[in-house]
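See structure below.
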Amino acid sequence: MLLDFFFLVVTHLILAIFRQLRLETRMDEHALKEFYIPKYIFVPDSKAEVLPHAPKNPIIVFINSKSGGQLGGELLRTYRQLLSEAQVIDLGEEAPDKVLYKLYANLERLKSNGDVLAPEIEHKLRLIVAGGDGTAGWLLGVVSDLKLTRPPPIATLPLGTGNNLPFSFGWGKKNPGIDHKSVEYFLNQVMNAREMKIDSWHIIMRMRAPNEGSCDPIAPLELPHSLHAFHRVSHTDSLNVEGYHTFRGGFWNYFSMGMDAQVSYAFHSERKLHPEKFKNQLINQSTYAKLGCTQGWFCASLFHPSSRNIAQLAKVKVMKKHGHWEELHIPHSIRSIVCLNLPSFSGGLNPWGTPNHNKARDRGLTPPYVDDGLLEVVGFRDAWHGLVLLAPSGHGNRLAQAHRIRFEFHGAAADHTYMRIDGEPWKQPLPEDDDTVVVEISHLGQASMLAAPGCISKSILDPSTPPSASHHLDDGGSPEDSDGDESWEERRKFGAANTFKLSEDIDVAHLS
């Protein structure tokens, strides 16, 4: 009798557990419907469907299936199991500009035909991009190209090596889980995430056509594939100047030059030669550290020619107030300079830190806000100097904050230097004669990001921000203002579609 009673109790417990599991499954399925976008929204000339109600959190997911070793492909399969296949895009098969252009064109058609769901989806749409910083920047650039009245905010899922963009907005820097529960948890975070603005930056490089050789940027082993890297403007482009080579592009996180870019160049070259060795995030990071040693970054005073130190290579000018350029003093020991938009560099380090009250009072330095129209300019002597960032209050050599920066490289100092934008490096030949190569960075506009609770980025719109910080954007004047030597037409090119288009012969696997 006692045994029968025990068996009955156990049976009831098992049945209760199964009922709870079924209830949780139904709750998950119900919650997932709030992310669902019906297929007809993506298909031109399709007939509208009648749904019980509009989804509260419609999303489109873009996944670089070649990122993160095998994780990208596995993550793609999980998302497609949970959502409709139409709203989960493999970037190896479809480019985001084509997907979003077709989507928004169809939404406009449906709205004009009186569809009640289309305006709801357009208003509530959020995007997820899974990949490295290069992939995330690709989507940011494409959304900027569309010039939408209300651009959809973007959440970044880390699948790269540095993952500075995801880390800056609270999405972490480690590769994510690929099982259903992990993906559902991430979707729930996206649903509850808050919107933040992020500054975008236009960059232009111009040099006189050399009598011999070339000054074209040299990417690791092949032509630049990064969506942020410089692109030569066409002869019909308004940026083109007779007798000069002109390149332009844009970035969201940072522009750097010098020894750090040299190490990055070595890493990317090695990864392209032996891609099979770079399928694990931890291995990638350890390889990067080893290359820092072999390239002399830890013994820069012995292995790095002083002629390639920043002060010997270029004059650096900054514009803190509109219309007024001033030359920036660069200590002769500085071998690397970083123009930083986000508080994350080299996998989560913050080179700027938080200036104390004395620095704020004496030099007018503020914390690094991502929407204040200012870049933080930081210098480093070597890798040992960089290690101070691991300390709680560590920072690099704070040089300036500015809304425009100009580098003027003159011939004879060195035959080349290294540069990189948002993790994508290249080797830049410099003129052999007395001519000058000019690189200029200027603030352009803003994009919308989604921020998770662990977000480390700060906004000037945050009520806790000191009042003095909010004045910096006004010092630069509006983007429509221009100097005599450069027009607004040039700077708006950052948003032109060609800036971010991938060539058809580019393999998406090469994107970080």
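Annotations for the structure displayed:
- The local environment of L375, defined by Cβ-Cβ distances under 10 Å, has a net charge of -2 under the rule Lys, Arg +1 and Asp, Glu -1.
- Over 27 Å between alpha carbons, listed pairs K98/K124; K39/K197; K47/K197; K181/K458; K111/K147; K320/K458: K39/K197; K47/K197; K181/K458
- Rounded to the nearest 20 debye, the dipole size of segment 109-255 about its Cα centre is 380 debye, using +1 on the Cβ of Lys and Arg and -1 on the Cβ of Asp and Glu.
- Gain on full stretching of the segment that runs from E34 to K174 - 0.36 nm per residue minus C-alpha separation: 47.7 nm
- Approximate spin-label separation Y104-H410, in nm, with each point projected 7 Å along Cα-to-Cβ: 4.5
- About the Cα centre, charge dipole magnitude for segment 34-192 (Lys/Arg +1, Asp/Glu -1 at Cβ), debye: 220
- Principal axis extents of the Cα atoms in segment 78-218, from largest to smallest and rounded to whole angstrom, are 61, 41, 30.
- Put simply, when 232-240, 444-452 are sorted by average Cβ atoms within 10 angstrom per residue, most first, you get 444-452, 232-240.
- Amide H contacts under 5 Å for F169, placed H, 5+ residues apart: I456
- Once the mean of 1/r is taken over each pair of separate Cα atoms and inverted, segment 122-201 shows a Kirkwood hydrodynamic radius of 13.3 Å.
None of the figures in this text is laboratory data; all of them are computed from the coordinates on show. Please read all numbers here as calculations on a predicted model, not as lab measurements. Because the Cβ atoms are built from the backbone with ideal geometry, glycine has one as well, and the counts that use them run over all protein chains shown.
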